[in-house]
1. Run the quick spin-label model on residue 31 and residue 44: label points 7 Å from Cα toward the beta carbon, then report their separation in nm to one decimal.
2. Let me check against my output: what whole-number percent is the relative contact order of the chain, with C-alpha pairs under 8 Å and at least 6 apart?
3. ³J(HN,Hα) across region 34-41 via Karplus (A = 6.51, B = -1.76, C = 1.60, θ = phi - 60°), whole Hz, x for Gly/Pro?
4. Quick one: P(r) of the chain from all Cα-Cα pairs, 10 Å bins, percents rounded to integers, in order of increasing distance.
5. Considering amide H positions built from the backbone, and no H for Pro or chain starts, which residues 5 or more places from residue 48, or on another chain, come under 5 Å of its amide H?
Amino acid sequence: MHISILEDGFRIKLTSGIKTVFWREVKEIHAYKSDMMIYDEICMDIHLPESIITITEQTKR
């Protein structure tokens, strides 16, 4: 995943292609810590009208 910040949203490169998300489309954002046993990973779920995008510490910028 690659993320580019835009003035009114962001563009994210997913395995299925590039998606542009506008801030007005975002319904909720949930940030949480995922216990990976050996280490913890910070995650963020971005809820859109018809999908959820998950970004983690491993996501490339």
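1. A separation of 0.7 nm, rounded to one decimal place.
2. Numbers: 98 pairs, mean separation 16.3, N = 61.
It rounds to 27 percent for the chain.
3. Karplus-based 3J(HN,Hα) across region 34-41 equals 9, 7, 9, 6, 8, 8, 9, 10 Hz.
4. Result, from short to long distances: 20, 53, 23, 4 percent.
5. 27, 53
Quick note: the coordinates plus some simple rules give every number you see, no bench work behind them. Keep in mind that what you see is a predicted model, and the values were worked out from it rather than measured. Heads up, the Cβs are rebuilt from the backbone with ideal geometry, glycines too, and the neighbour counts pull from every protein chain shown.
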